[in-house]
Amino acid sequence: MTVEQPLLGGTANRGRVVRVGDTVRRPLRPASAATHALLRHLEAVGFDGAPRLLGVDDRGREVLSYVEGEAVVPPYPPWAMTDAALVSVAHLLRDYHDATSGFRADRHEWSSTVPAPFRGDGVTTHNDPNLDNIVFRDGRAVALIDFDLASPGSRAWDVACAGRLWAPLRAAVDVTDARRGAGVERFRRFVDAYGLTGKERASVVEAVPETHDWCYAVVAGGAQAGNEGFADYWWHGGADRAARTRAWYAGNLAALRESLA
């Protein structure tokens, strides 16, 4: 008998992603053809930081290789809150972007669209580099998972998205771990570790509130459409946290700009 082990983490596909042996089974989506093309490209160029596409099973689910390691889910382990872990995420994201530089994302239909001012430098962005979508081994980020929201974008956009989540950039009341009060400094460390320079550093600050609004629009839209995971998150504190975070940006973007100058 095939044993299916539910995998923790994630919101959109909560309870619908399982491990079977050394594979992961996930629901197909309208944009699956695009994400599958991206995963095949990453394999072809030798990028090891993403699962391999293995096909579709007899229940109509995509089959991916299981990436050994540990994703960061609550309660967050202390090692995941360290500067070393943060820097390793920045390095992984940079390597991923480099690997996508030859991929023609414009030839595919994606589930999401990054705002036009933040597209156009030839990379395919992950768009959801949340803590539970990064796999670690020995305290170092080694792989990205869950490419459901991937699309054409820019380095600054994805760095803003990852940085604000990992720093994190939000009201102190919503940071209950060792990162509390260190958001601006950790964001600067993330941007430095990735290697953004010049105009990209200014662009990444402007992208911070844009990525927040974009991501929460996905969540709110999913909640309105009846997605159980999104609805549970949005109506049980998510909407309020989003409002507090947006207010935090209004008072702190100047500090972010100064930190990256």
Enumeration of residues in segment 40-52 that are in contact (Cβ under 8 Å) with a residue 12 or more places away in the chain and closer than 24 Å to residue 30 by Cβ: 40, 41, 42, 50, 51, 52
Filtered residues of segment 60-75 (kept if more than 29 Å from residue 103 (Cβ to Cβ) and without any contact (Cβ under 8 Å) to a residue 40 or more places away in the chain): 74, 75
Filtered residues of segment 141-160 (kept if part of a loop (DSSP other than H, G, I, E, B) and touching a residue at least 60 places away in the same chain (Cβ under 8 Å)): 145, 146, 147, 148, 149, 150
Residue list for segment 185-204, filter: at negative phi and surrounded by fewer than 22 Cβ atoms within 10 Å (Cβ to Cβ): 185, 186, 188, 189, 192, 193, 197, 199, 200, 201, 202, 203
Residue, nearest to residue 222 (Cα to Cα), within segment 20-69, restricted to residues that are surrounded by fewer than 17 Cβ atoms within 10 Å (Cβ to Cβ) and touching a helix residue (DSSP H, G or I) at 6+ places or on another chain (Cβ under 6 Å): 52
Subset of segment 6-30 (residues that are in contact with a strand residue (DSSP E or B) (Cβ under 6 Å, 6 or more places away or on another chain) and of a type in the set (Lys, Arg)): 16, 19, 25, 26
Members of segment 120-129 found to be part of a loop (DSSP other than H, G, I, E, B) and at pLDDT 95 or above, listed by number: 123, 126, 127, 128, 129
Candidate set: segment 90-141, residues that are aliphatic (A, V, I, L, M) and out of contact with any strand residue (DSSP E or B) (no Cβ under 6 Å at 6 or more places or on another chain); chosen: the one surrounded by the fewest Cβ atoms within 10 Å (Cβ to Cβ): 116
Of all residues in segment 144-192 being among the acidic types (Asp, Glu) and more than 19 Å from residue 50 (Cβ to Cβ), the one that is modelled with the lowest pLDDT: 177
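Each row is one residue, and each column tells you yes or no for (1) in the same structural domain as residue 200 (by TED's automatic domain parsing); (2) touching a residue at least 24 places away in the same chain (Cβ under 8 Å); (3) in contact with a Ser or Thr (Cβ under 9 Å, 6 or more places away or on another chain).
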position	(1), (2), (3)
21	no, yes, yes
54	no, yes, yes
58	no, no, no
77	yes, no, no
84	yes, yes, no
88	yes, yes, no
93	yes, yes, no
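The values are calculated or read from the model by the stated rules, or taken from the named source; none is laboratory data. Predicted, not measured: the structure shown is a model, and the values here were computed from it. Virtual Cβ from ideal backbone geometry, glycine too; neighbours counted across all protein chains shown.
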